[in-house]
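Notes follow the structure.
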2 protein chains.
Amino acid sequence: MRHFSIDTISTWERFYRANFINCLSGFKSANLIGTVNKEGQPNLAVFSSVVHLGSDPALIGFVNRPLAAAPHTIQNITATGIYTINHIHPSFVAQAHQSSAKYPEEVNEFEAVGLTPLFIDNIIAPFVSESIIKYSLQLVEIVPIKHNNTFLVIGEITNVIMEETLIGLDGFISLDSAQSMVSLGLDAYFTTNLVARYGYAKPDKVIKKTH
Amino acid sequence: MRHFSIDTISTWERFYRANFINCLSGFKSANLIGTVNKEGQPNLAVFSSVVHLGSDPALIGFVNRPLAAAPHTIQNITATGIYTINHIHPSFVAQAHQSSAKYPEEVNEFEAVGLTPLFIDNIIAPFVSESIIKYSLQLVEIVPIKHNNTFLVIGEITNVIMEETLIGLDGFISLDSAQSMVSLGLDAYFTTNLVARYGYAKPDKVIKKTH
């Protein structure tokens, strides 16, 4: 095994280092976040930083890069308080990745990349029609991370749109059956294969697969 | 598609709802975090909430559950400032999952589940010897998330231990070759299959696979 110190890694070329550090932190869920600005202009962007914060209340976080690098999603969420998170699947992953391009604010990324906005009930943020699993959120708090000018955006789930048949008897969602994707590094996308489920671990329990 | 409101989801049984909400937020990287307490007692626990915060400085976050539910890792990091993150692979995923059991503080989870602590140079936190990709961190900040009493623990990468052959020409790490796993819900683990890499997206660029 090689041992790389941060002093060495810091000397690496910018994109090489960014790919390396991004990959090192592991696979991430691949999602599109849908918003509208104050004028109702839709915006869509890829995020790989969605993190589960708790299930009661159902809180989800995501990391927004510094404002200068990624202004639209966080501005729209600040303005409206409402956003959608939409799982990415192989049938539209190329379009989804293309939404990470830096389009001007006046461009509707749905139109630019060829995905279909879907408005449901009175939820003002657009869902991605092509996405098999999607949910809307109400903004709870934006936590500034001062060390690198990023933001942890925290929202509470308000609505979930998906086929009921994907939900197991214990609440487990077969994301592998839905082909929800994972992303890695700056530009790679993967599907998954179930290896095992183990059940709730207890100190005195023998380890065994439950599925 | 079914439409589930949070008012409906809130009525669901606790573990069913936890599995559902955990799955909804998507696949996560499956990692073991290694620490020591002030007396040098090793601790090891599974975390599925590692998130990339930035590559320069190389900042990684993870979510620690409320203190009453998960006290040891965050206490040790607060006390020593040093921890390791170790990718989980199929060869030891059962042992890794077992480390999520609530062992008393005096139990060394490495011994309890059958994994090998590895101390490198002057890094006081143990790595997992069996892990193919692992790194150490220096604590930067613990951000309390007041809405559900969780914590975003932010660290800066200090050292990376892995085979150099896993790193591509552009800094991309073949986590699928290394069989680094993803987790889902409360207890499921997956491997991955590369679908595509797309390169850096630009507004005027035609979408195409680069790999």
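Where the centre of each part is set by its Cα atoms, how far does region B:137-211 sit from region A:64-81, in angstrom?
22 Å
Could you tell me, in Å, what Rg and Dmax come out for the Cα atoms of region B:67-161?
Answer for region B:67-161, Rg first and Dmax second: 13.8, 40 Å.
Taking only the C-alpha atoms, wrap a convex hull around region B:12-78 and report its volume per residue in Å³ as a whole number.
113 Å³
Quick one: compute the contact order of region B:134-211, relative version, from alpha carbon pairs under 8 angstrom and 6+ residues apart, as a percent.
17 percent
From the phi angles alone, apply the Karplus equation (6.51, -1.76, 1.60; θ = phi - 60°) to region A:167-172 and give each ³J(HN,Hα) in whole Hz, x where the residue is Gly or Pro.
9, x, 4, 9, x, 5
Which of B:Lys38/B:Lys146; A:Lys134/B:Lys202; A:Lys28/A:Lys134; B:Lys28/B:Lys134 have a Cα-Cα distance over 18 Å?
On the way: B:Lys38/B:Lys146 27 Å; A:Lys134/B:Lys202 26 Å; A:Lys28/A:Lys134 16 Å; B:Lys28/B:Lys134 16 Å.
Pairs exceeding the cut-off: B:Lys38/B:Lys146; A:Lys134/B:Lys202.
In what order, largest first, do A:Thr8, B:Thr11 sit by accessible area if the probe radius is 1.4 Å? Could you put the intermediate results ahead of the total?
Working: A:Thr8 60, B:Thr11 105 Å².
Output order, biggest surface exposure first: B:Thr11, A:Thr8.
Scan around B:Gly199 for amide H atoms under 5 Å from its own, H built in the peptide plane at 1.01 Å from N, and keep only partners 5 or more places away or cross-chain.
Hits under the 5 Å cutoff: B:Thr210.
Compute from the Cα atoms of region A:37-195 the Rg and the Dmax, the latter being the longest Cα-Cα distance, and quote both in angstrom.
Values for region A:37-195 (Cα only, Rg and Dmax): 15.4, 47 Å.
Please give the FRET efficiency for A:Ile120 paired with B:Asn122, using the beta carbon to beta carbon distance and R0 = 41 Å, rounded to the nearest 0.05.
0.15
If you keep only loop residues by DSSP, which GluC sites (Glu not before Pro) in region A:122-197 have at most 15 other Cβ atoms within 10 Å of their Cβ? Don't jump to the answer; show the numbers that get you there.
On the way: sites: A:Glu130, A:Glu141, A:Glu156, A:Glu163, A:Glu164; in loops: A:Glu130, A:Glu163.
Listed in order of number, the matching sites are A:Glu163.
Relative contact order for chain A: what percent, with Cα pairs under 8 Å and sequence separation of 6 or more?
22 percent
Taking the Cα-to-Cβ direction at A:Leu194 and at B:Ala112 and moving 7 Å from each Cα, how far apart do the two end points lie in nm?
Distance between label points: 2.8 nm.
Return a whole-number percent for the relative contact order of region B:27-106, with Cα pairs under 8 Å and 6 or more residues apart as the contact set.
Relative CO of region B:27-106 lands at 37 percent.
For the charge dipole of region B:112-193, defined by +1 on Lys and Arg C-beta atoms and -1 on Asp and Glu C-beta atoms about the Cα centroid, which residue among B:Ser183, B:Thr116, B:Gly168 has the Cα displaced farthest towards the positive pole?
Working it through, the farthest residue towards the positive pole turns out to be B:Ser183.
Give the ranking of A:Val153, B:Val46 by solvent-accessible surface, highest area first, calculated with a 1.4 Å probe. Write out the running numbers ahead of the final one.
Numbers: A:Val153 0, B:Val46 35 Å².
Final ranking, largest accessible area leading: B:Val46, A:Val153.
In region B:87-123, whose amide N lies under 19 Å from the spot 7 Å out along Cα-to-Cβ of A:Ser10? List them in ranges.
Under cut-off, by backbone N: B:122-123.
The values are calculated or read from the model by the stated rules, or taken from the named source; none is laboratory data. Since this is a predicted model, take the numbers as computed values, not measurements. With ideal geometry, Cβ positions are generated from the backbone for all residues, glycine too; neighbour counts draw on all protein chains shown. In case anyone asks, the SASA skips ligands and DNA or RNA and just uses the protein heavy atoms, side chains included. Shrake-Rupley method; radii C 1.70, N 1.55, O 1.52, S 1.80 Å.
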